[in-house]
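A short write-up of the structure that comes next.
The values are calculated or read from the model by the stated rules, or taken from the named source; none is laboratory data. No experiment lies behind these values; they were computed from the predicted model shown. Please note: Cβ atoms are built from the backbone with ideal geometry, for glycine as well, and neighbour counts cover all protein chains shown.
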């Protein structure tokens, strides 16, 4: 009787597995058959939101279903990222994230970027840019470094949030210049831009795209980019590295991810659709003109990038002593 019971249990489990396999394959083949929600962990108007919406507009046509963007701010993006990590792994809830997917875990984030997600594609990267109000006496990196060292008036700077790559870059600059500055975190890049436009901060640092039109119009003054090389969009703006701070390099990855366990067929379908969108000349021109370098990597390559960037940012954040608020 004991042997028969084990056999029956094993047979039942095998039947369940065989039945689940075709069902999952069928659901993958029919995907999508309802709207897809893409969660963005920043405010509307920021770089991650901008590229997510451009891709979503075209993805709607590619997949034949509405793509709904949900901006979910708070806790440096952790609320949004965790909500996707715990969502059903069926391809209908996705995350479009910036580098906070790899920087937040160094500050005890409630998610694991490797275990909790199925990477779809590293879509693009955008450099960070440091900028001031045009009335500011700060004209260049040397002026900014000198301002960080002065004690007469408080130096304040805004970023899209604690632990974001602009925050990491500014803390690195502050340490390298042996200066002081008060960090003012916002819920995304757009509010930082608005604060500098309103002359409420000494300087701001965020990804390049939300600032491009303002710099070109003269309503913001670009001081430096924090990427390894100059941006093709603003070739006259120097990097911090070439301005005397080679140790300060930080940019923003922009990537699409699904919850771990999402069927590979769905991940592959989404990757191919996004890669096709980013290869369209009009889309490439639109995104490159505002400051994005486009990649559209494979899921496997994106997984490798996440592992490498996670280790790199963990070391920087611990060295800088950045803590979650």
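Among the residues of the range 191-213 satisfying the criterion of being assigned to a helix (DSSP H, G or I) and farther than 16 Å from residue 292 by Cα, which is farthest from the chain's Cα centre (by Cα)? Across the range 191-213, the extreme among qualifying residues is 197.
Restricting 81, 69 to those that are modelled with pLDDT of 95 or more, in contact with a helix residue (DSSP H, G or I) (Cβ under 8 Å, 6 or more places away or on another chain), in a helix (DSSP H, G or I) and surrounded by 12 or more Cβ atoms within 10 Å (Cβ to Cβ) reduces the list to 81. In this entry, residue 235 is excluded by the filter for residues that are modelled with pLDDT under 95, part of a helix (DSSP H, G or I), closer than 26 Å to residue 288 by Cβ and not assigned by TED's automatic domain parsing to the domain that holds residue 51. Return a yes/no flag: does the range 120-138 have any residue that is more than 23 Å from residue 232 (Cβ to Cβ), surrounded by 24 or more Cβ atoms within 10 Å (Cβ to Cβ) and touching a strand residue (DSSP E or B) at 6+ places or on another chain (Cβ under 7 Å). Scanning the range 120-138 turns up at least one residue that is more than 23 Å from residue 232 (Cβ to Cβ), surrounded by 24 or more Cβ atoms within 10 Å (Cβ to Cβ) and touching a strand residue (DSSP E or B) at 6+ places or on another chain (Cβ under 7 Å). Being in contact with a strand residue (DSSP E or B) (Cβ under 7 Å, 6 or more places away or on another chain) and at pLDDT below 95 is the requirement here; does residue 207 meet it? Against the criterion (in contact with a strand residue (DSSP E or B) (Cβ under 7 Å, 6 or more places away or on another chain) and at pLDDT below 95), residue 207 qualifies.
Check whether at least one residue in the range 119-138 is free of Cβ contacts under 8 Å to residues at least 12 places away in the same chain and either more than 29 Å from residue 311 (Cα to Cα) or outside any helix (DSSP H, G or I) (or both), and report yes or no. Yes, the range 119-138 contains a residue that is free of Cβ contacts under 8 Å to residues at least 12 places away in the same chain and either more than 29 Å from residue 311 (Cα to Cα) or outside any helix (DSSP H, G or I) (or both). When the range 146-164 is limited to residues that are outside any loop (DSSP other than H, G, I, E, B) and touching a strand residue (DSSP E or B) at 6+ places or on another chain (Cβ under 8 Å), the one that is nearest to residue 208 (Cα to Cα) turns out to be 159. Within the range 311-325, being surrounded by fewer than 18 Cβ atoms within 10 Å (Cβ to Cβ) and under 26 Å from residue 258 (Cβ atoms) holds for 311, 312, 314, 324. Among the criteria (1) farther than 27 Å from residue 289 by Cα; (2) in the same structural domain as residue 47 (by TED's automatic domain parsing); (3) part of a loop (DSSP other than H, G, I, E, B); (4) at pLDDT below 95, the one residue 114 does not fulfil is (4).
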